[in-house]
Every structure is written in structure tokens, then in C-alpha cells.
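> This is the structure I want to talk about, given as C-alpha cells.
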Amino acid sequence: MWWQLGWIWIVAGVALAVLEVLAPGYVFLGFAVGAAVVGVLLWLGLMGGGLPMLLLVFALVSLAAWWGMRRVFGIRRGQIKIWDKDINE
């Protein structure tokens, strides 16, 4: 089936990365990493199975990528946003 083709997952990863550039927020980038990893694993022949296994690996890698980016790029401990002026003034 089409979901077992590695190049489709890699193309989906690139499309999600482009979507992340258009709508930044580190949301689509995690999905892009997940799709790219699944595509590479399929392309190298390291992963097989049906759609449920592919989706499970995609979800776990995407979650790990999002969590990692949140730790690296997220709000640092002790960082507080202080507003100096009101935009309505």
C-alpha cells in the first residue's frame, strides 16, 4: 500500500516543514521530524508492518521531537514576560 512507501513519508515531512515556515510555532516541525524518520526507516528497510505500527512510530517520534524542541526552544525557567506599557494607551 501507499503508506509503506518511504518517499511518501519523506515528502510529507518536507511539506510539514514548509508549513512550519509559513505558520511558525514548533507544532508542524515535530510532525515533520516524525514523518521524515518513518520515511527513512522504511527506505532503509528497518521497519515494516502495517499502518498501525507506522502510525505508532510516527506518533512517538513526533512527540519526542516536539518535547525536545520544547525543552530547547521553549520558555526558560525563571523567564517572565513583563509588560511595560499597555497597547491601548
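Derivation of every value follows stated rules applied to the coordinates shown; laboratory data play no part. Because the structure is a prediction, the values reported are computed rather than measured. No Cβ is skipped: glycine too gets one built from the backbone with ideal geometry, and neighbour counts run over all protein chains shown.
> Which residues does a label at residue 5 reach in the range 32-52, if reach means a backbone N under 17 Å from a point 7 Å past the Cα toward the Cβ?
Label zone hits: 36, 38-45, 51.
> Return the calculated 222 nm mean residue ellipticity for the chain, to the nearest 500 deg cm²/dmol, obtained by summing -39500 (n - 2.57) across DSSP H runs with n ≥ 4 and dividing by the residue count.
Values: 3 runs with 57 residues, N = 89.
Helix contribution divided over all residues of the chain: -22000 deg cm²/dmol.
> Work out which helices of the chain, taken as complete DSSP H runs, extend at least 30 Å along their axis over the Cα atoms and score a mean Kyte-Doolittle of 0.0 or more, then list them.
Values: long enough: 51-73 (32 Å, 1.59).
Counting only whole DSSP H runs, the qualifying helices are 51-73.
> Just need the Rg to Rh number for the chain, please, alpha carbons only, Kirkwood Rh.
Details: Rg = 17.5 Å, Rh = 14.7 Å.
The Rg/Rh ratio comes out at 1.19.
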